[in-house]
């Protein structure tokens with residue numbers, strides 16, 4: 001039997017199955033309710049399969065904001081706040097990804113160990129001893145990266161296994177060409193499932 005594309009644009013109901021079975025002069029030895037349940041589960045399975053097999057290039061953000069190792073932590077924090085994001089890839093002069101810097105990196109490196117009340121992170125950056133910190137002082141390295149043909153399923157698995165929120169996407173020369181955050185995967189799965 002040829003594979004057929006399942007779409008959610010058609011409202012198939014129990015009467016449709018009954019009509020097809022009558023037309024085929026056959027029956028299925030299950031209840032009508034079970035038949036509908038099988039159909040609905042098959043549609044959900046197909047949605048997940050189709051979305052999970054989607055390559056990174058179909059979902060990634062292409063205009064990526066990135067920083068360099070010698071940028072200041074304060075400048076990076078301003079970029080994060082301006083763009084309403086929680087992390088950035090760190091690139092070298094050739095746009096090759098060498099690390100990632102995130103809010104979590106700031107908290108780990110700037111909040112004193114054992115402090116019970118961290119207060120506002122931005123106020124910590126204003127302190128004189130933190131003013132000279134650079135991205136190199138706070139970034140996580142090496143960066144966990146992927147390619148544009150990697151499936152969303154694999155990227156999501158990497159995120160869960162490595163407990164990270166974003167994966168920079170690189171070309172064959174390891175240069176930054178995009179980024180995928182957890183929220184991008186959720187949006188892709190949701191929108192694909194509602195087509």
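Tallying residues that are closer than 20 Å to residue 46 by Cβ and modelled with pLDDT of 85 or more within the stretch 16-29 yields 0.
Rundown of residues vs (1) surrounded by fewer than 12 Cβ atoms within 10 Å (Cβ to Cβ); (2) at pLDDT 85 or above; (3) over 27 Å from residue 156 (Cα atoms), yes/no style:
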site: 9; (1), (2), (3): yes, no, yes
site: 14; (1), (2), (3): no, no, yes
site: 65; (1), (2), (3): no, yes, no
site: 68; (1), (2), (3): no, yes, no
site: 74; (1), (2), (3): no, no, yes
site: 82; (1), (2), (3): yes, yes, no
site: 94; (1), (2), (3): yes, yes, yes
site: 98; (1), (2), (3): no, yes, no
site: 103; (1), (2), (3): no, yes, no
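Criterion applied to 44, 74, 103 was being touching a helix residue (DSSP H, G or I) at 6+ places or on another chain (Cβ under 6 Å) and over 20 Å from residue 177 (Cα atoms), and the one residue passing it is 74.
The values are calculated or read from the model by the stated rules, or taken from the named source; none is laboratory data. Quick caveat, the model's predicted, so the values are computed rather than measured. Positions of Cβ are backbone-derived with ideal geometry, glycine not excepted, and every protein chain shown enters the neighbour counts.
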